[in-house]
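Each remark here refers to the structure printed beneath this line.
Every number here is computed from the coordinates shown, using simple stated rules; none is lab data. Because the structure is a prediction, the values reported are computed rather than measured. Neighbour counts run over all protein chains shown; Cβ positions are idealised from the backbone, glycine included.
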Amino acid sequence: MPTYVYEILDRSGRGTGRYFECVQPMSDDALTKHPETGEPVQRVPVAPNIAGEMSDLKAKSKLSNERLGKLGFTKFERQKDGSYDRVAGRWGPNRIPKADE
């Protein structure tokens, strides 16, 4: 679903410079009131986020744990206790315990 940007309007219908984002289906009508405060709002046109070859969305999908595992990589993520758990790949231990200091 797309994220829309809305500007809060003053009583005369002019923009106040205060904005918020709202995730809603394209089929929904634009909001006319702020969902929490009830203040009048208008949708602000913004450039779309197109996932090109070098975009954050593409990078995240290329570096997903599933994809890394399929490509033969092993990935470990640090846990709160200082140990590391394997989250991608088949090689190496399931867990690397915290090194004693």
Charged-residue dipole, Cβ positions (Lys, Arg, Asp, Glu), the chain about Cα centre, Debye nearest 20: 480 debye
Residue-count net charge about residue 87 - beta-carbon cut-off 13 Å; Lys, Arg +1, Asp, Glu -1: +3
Restricting region 1-49 to chymotrypsin sites (Phe, Trp or Tyr not before Pro) in coil, as DSSP defines it, with at most 16 other Cβ within 10 Å: none
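Could you list the chymotrypsin sites (Phe, Trp or Tyr not before Pro) in region 66-101 that lie in coil according to DSSP, counting only those with at most 12 other Cβ atoms within 10 Å of their Cβ?
Numbers: sites: 73, 76, 84, 91; in loops: 73, 91.
Counting only loop positions with at most 12 other Cβ atoms within 10 Å, the chymotrypsin sites (Phe, Trp or Tyr not before Pro) in region 66-101 are 91.
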More than 14 angstrom apart: percent of Cα pairs within region 56-96: 49 percent
Estimated [θ] at 222 nm from DSSP helical runs (n ≥ 4, -39500 (n - 2.57)) normalised by residues in the chain, nearest 500: -3000 deg cm²/dmol
Residue range of the chain that is longest and free of trypsin sites (Lys or Arg not before Pro) which are both DSSP loop and sparsely packed (at most 14 other C-beta within 10 Å): 15-79
Cα centroid separation - region 7-40 against region 70-101, whole Å: 45 Å
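Taking the inverse of the average 1/r across all pairs of different Cα atoms in the chain, what Kirkwood radius in Å do you get?
On the way: mean 1/r = 0.0559 Å⁻¹.
This gives a value of 17.9 Å.
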Contour excess over end-to-end distance, with Cα ends at residue 19 and residue 63 and 0.36 nm allotted per residue: 12.6 nm
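Among residues other than residue 9 whose Cβ falls under 12 Å from its Cβ, what is the net charge (Lys/Arg +1, Asp/Glu -1)? Could you put the intermediate results ahead of the total?
Numbers: positive: 11, 14, 18, 33, 43; negative: 7, 10, 39.
Spelling it out: positives minus negatives among the neighbours equals +2.
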Residues whose placed amide H lies under 5 Å from that of residue 33, excluding near-sequence neighbours: 41
Built amide H within the under 5 Å cut-off of residue 24, gap 5+: 4
Region 13-41 residues near the modelled residue 49 label - backbone nitrogen below 14 Å, point 7 Å along Cα→Cβ: 21-24
Extended-chain gain in nm, criterion 0.36 nm per residue less alpha-carbon gap, residue 1 and residue 95: 30.2 nm
